[in-house]
1. Using label points projected 7 Å from each Cα along Cα→Cβ, tell me how many nm separate residue 51 and residue 133, to one decimal.
2. Per 5 Å bin from zero, what fraction in whole % of the C-alpha pairs of the range 93-134 is there, up to the bin with the longest pair?
3. Using only the Cα atoms of the range 40-134, build the gyration tensor, take square roots of its eigenvalues as a ≥ b ≥ c, and label the shape rounded, prolate or oblate: rounded if a/c is under 1.5, else prolate if a/b is larger than b/c, else oblate.
4. Under a crude label model (7 Å from the Cα following the beta-carbon direction), how far is residue 85 from residue 126 in nanometres?
Amino acid sequence: MKTIFYYAAIGLFIAACSSTTKTATKEGNLEQEVVRIANDSLEYEIIIFDIGFETYLNTIAKPMNFYSKEYYETKNRFYVTEWNIRALNPSRYRSDIYENQIDYDFNVDYGLEVNYKLYNYFKFVEHKYRQRFF
């Protein structure tokens, strides 16, 4: 199974597809939400550990079908590119947020759910950490 790793402020990020599983873990006194999206047939997965992301998805994010898969893919191209630029420049950008690059292949069809959650992770980062990509 191909895995793509990313570690955000409090989280780990791995890229991919479909079904969702969630668990809670403890790190010191901080309780973390874990969101996992996986599809073995596409051999990719996303795992996001970041306090508040699941709550953000359930309360602030627009419903998955609000935008098309193509819309999410287009936005994710921009976000991933900008994210990776920031990850490569830790002296200029917050290294506690942009710790690793995201290996997102623009030629792979990750499907609606993965693109939706990846897009909303970027929106969550903008919201939580007051980062602006535009």
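Bear in mind these aren't lab numbers, they're just calculated from the coordinates by the rules spelled out. Everything numeric in this text was worked out from a predicted model, so none of it was measured. Using ideal geometry, Cβ is built from the backbone for each residue, glycine included, and neighbour counts are taken over all protein chains shown.
1. With each label placed 7 Å out from Cα toward Cβ, I get 2.4 nm.
2. Going out from 0 Å in 5 Å bins, the range 93-134 shows 6, 18, 25, 26, 16, 9, 0 percent.
3. Numbers: a/c = 1.63, a/b = 1.24, b/c = 1.32.
Because a/c hits 1.5 or more and a/b fails to exceed b/c, the range 40-134 counts as oblate.
4. With each label placed 7 Å out from Cα toward Cβ, I get 1.5 nm.
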